[in-house]
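The values are calculated or read from the model by the stated rules, or taken from the named source; none is laboratory data. These numbers were taken from a predicted model, which means no experiment stands behind them. Virtual Cβ from ideal backbone geometry, glycine too; neighbours counted across all protein chains shown.
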Amino acid sequence: MIDLHCHILPSIDDGAADLSISLAMARASVADGVTALACTPHILPGLYPNRGPEIRRATQQLQLALDQNGIALHLVTGADVHIVPEFVAGLRSGHLLSLADSRYVLVEPPHHVAPPRLEHFFFDLLSAGYVPILTHPERLRWIDSHYESIKKLVDSGVWMQITAGSLIGAFGRNAQYWSERMLDEGRVHILATDAHDTKRRPPILSKGRDIAATRIGSSEAQHLVLTRPGGVIANAAPSSLPMPDSVARSASEARSQEHTLSGSGGQPSRSRDWHTGSHRGTRGGMRGLSEWLRRLFG
């Protein structure tokens, strides 16, 4: 498995308090079956003023410590980036970090109140060539009243990452309900731990994967924790990756509509590329991804 959301870097945010906890989290991740992990500390000005260069150095230092202690875990850089002004400019300058320097970026919105112009924010990111991954939507206090907006974001090409702990009830009944509903409706792309320590919020991904498998099947559960996370690290286009059911249906309906328009003499809409919501699979892309996974973890 690959964990794309983990606060494992020591003494940098509200995650691991020191190196000993980071090492304990890494050992727990490996024991759980994780082979690669994204270091994703908060970037939140005023509270966690982390910057790309510091996160890179901290990731390199932790990787060295893992190697010295014989912990077989491959780290990549990233961040749990809160919505801030000039988001795209921050990514391009390196102040903000995407996952493994790919087109994919974790985005954390405000927890208690839905931000204004949320769809416009994500549209700007998509238009700039990034694939935003909305972190733990099932835990947002405002999901009950704004679920239609979440669905629209999925349809537009925004990815959704739910927390493994939500599926086992670690964040309460409401988060468990929404995590299950989003899975059942085929609106989840990534499952991750969002781990912060080894006790209160430990890095346990397999339990969430196993629960997901009982609801959506083992194949899609594996896509949540390996295929798509591997594609993210490889910077693969979404069009080369298998998509959740609702996204695949949406793409199929769009292609059917274009075919109908073309057949009736109308002008089909311009085919959308990866950053505007098209998710057409390609065999060549999947072969390349499989080869990459074999090289990295084989």
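Among the criteria (1) within 24 Å of His42 (Cβ to Cβ); (2) modelled with pLDDT of 95 or more; (3) assigned to a helix (DSSP H, G or I), the one Glu180 does not fulfil is (1).
Residues that are farther than 26 Å from Leu224 by Cβ and of a type in the set (A, V, I, L, M, F, W, C) occur in the range 104-116; there is at least one. Residue by residue through the range 116-147, note down the ones that are under 19 Å from Ile162 (Cα atoms) and assigned to a loop (DSSP other than H, G, I, E, B). Answer for the range 116-147, where residues must be under 19 Å from Ile162 (Cα atoms) and assigned to a loop (DSSP other than H, G, I, E, B): His136, Leu140, Arg141, Trp142. Residues Arg201, Arg173, Arg209, Arg141: which one is free of Cβ contacts under 8 Å to residues at least 12 places away in the same chain, surrounded by fewer than 23 Cβ atoms within 10 Å (Cβ to Cβ), among the basic types (Lys, Arg) and farther than 18 Å from Leu106 by Cα? Going through Arg201, Arg173, Arg209, Arg141 in turn, just one is free of Cβ contacts under 8 Å to residues at least 12 places away in the same chain, surrounded by fewer than 23 Cβ atoms within 10 Å (Cβ to Cβ), among the basic types (Lys, Arg) and farther than 18 Å from Leu106 by Cα: Arg173. Ile162 fulfils the conditions (1) surrounded by 23 or more Cβ atoms within 10 Å (Cβ to Cβ); (2) of a type in the set (Val, Ile, Thr); (3) in contact (Cβ under 8 Å) with a residue 60 or more places away in the chain except for a single criterion, (3). Pairing residues of the range 229-245 that are touching a residue at least 60 places away in the same chain (Cβ under 8 Å) and closer than 11 Å to Ser102 by Cβ with residues that are of a type in the set (A, V, I, L, M) and part of a loop (DSSP other than H, G, I, E, B), at Cβ distances under 6 Å and at least 6 apart in sequence or on separate chains, gives no pairs at all. Of all residues in the range 41-100, which are of a type in the set (A, V, I, L, M, F, W, C), touching a Ser or Thr at 6+ places or on another chain (Cβ under 8 Å) and not in a loop (DSSP other than H, G, I, E, B)? Of everything in the range 41-100, those that are of a type in the set (A, V, I, L, M, F, W, C), touching a Ser or Thr at 6+ places or on another chain (Cβ under 8 Å) and not in a loop (DSSP other than H, G, I, E, B) turn out to be Ile55, Leu62, Ala65, Leu75, Val76, Leu91, Leu99, Ala100.
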